[in-house]
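Inspection log for the structure reproduced underneath, given as structure tokens.
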Amino acid sequence: MDRREIAALLAYIGRLDPRSIRTDEGEARDQLAQWHELLGDVPMATPHGWDARIAARQHYRTSPYQIQPADVVRPWESYRRNRLALHWDPTPSADPDDQAAWTAELVGTRRAVAAGIAQPAYAPAITSSQEGINPRLQARLDQIGSCIPPAARAALAPFRPARAAREAAVAQGLPDALSVRCEWCLAPVGEPCRRRRIGPNDGVRAITPRATSHPGRVDLAAQHAQHAEQAQQPALA
């Protein structure tokens, strides 16, 4: 705010609280200089929701004390933080190889959002739709058959043995044991079987996942797969 806007704000505050009015010319000049020094970087109003007069009015709605410059600065700083928290940096239009221009555009966009000149840019929603997928990405997915390349899947196998065993069984044409509930350890569908460690007092001390499924679960999955296959076959005349 410039001095003219500060004077207008003080006049508005004077209508709300006559105690803030300075009748002495010297005191009024000092008050104007103090408020301009402290609120020089705070705008009077922005196109997107900020107004210093609303902040002053809200102060008197909730406090019986005379307003101070800090009572306007605090809401302004909160306004800036909230807008930046909602902002997601869009990809700059500048050349990525021009680091200075790229950074300057990012900083300029953030400053405009924080100052209330521009609206925050929200992150695009993640959807499951395949419409409009990049042809190069689709070709790559068709080539590797999965979003995880085979080399990366093999490297991750030692760190997730249960999933690796499941994928190996499916690749060999064996039934997926995790497609049914284990009747032995009561592991639900989709979760690996569990191993229970029993303490001296017969209490369960820990439950850890197994790399392989219990034999009964494997047999049950085979029975379900067989029944499903039979149900798909046409009935004999």
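Quick notes on this structure:
- Listed residues 51, 219, 17, most fluctuating in the chain (Gaussian network, C-alpha, under 10 Å): 219
- Subtracting the Cα-Cα distance of residue 74 and residue 139 from their residue separation scaled by 0.36 nm leaves 18.1 nm.
- Phi angles across region 78-88 convert, under the Karplus curve 6.51 cos²θ - 1.76 cosθ + 1.60 with θ = phi - 60°, into 3J(HN,Hα) values of 5, 4, 5, 4, 5, 5, 5, 5, 8, 7, 10 Hz, Gly and Pro given as x.
- Correct option for volume of the Cα convex hull per residue in Å³ [calculated from the coordinates] among [x] 137; [y] 126; [z] 342: [z]
- Taking the average, over residues, of other Cβ atoms within 10 Å as the packing measure, peptides 40-47, 67-74 rank 67-74, 40-47 from highest down.
- Within the shell defined by Cβ-Cβ distances under 12 Å, the residues around residue 84 carry a net charge of +3, with Lys and Arg each +1 and Asp and Glu each -1.
- Stretchable slack from residue 82 to residue 102, in nm (0.36 nm times residue separation minus alpha-carbon distance): 4.8 nm
Quick note: the coordinates plus some simple rules give every number you see, no bench work behind them. All values reported here derive from a predicted model rather than from experimental measurement. Note that each Cβ is placed from the backbone with ideal geometry, even for glycine, and that neighbours are counted across all protein chains shown.
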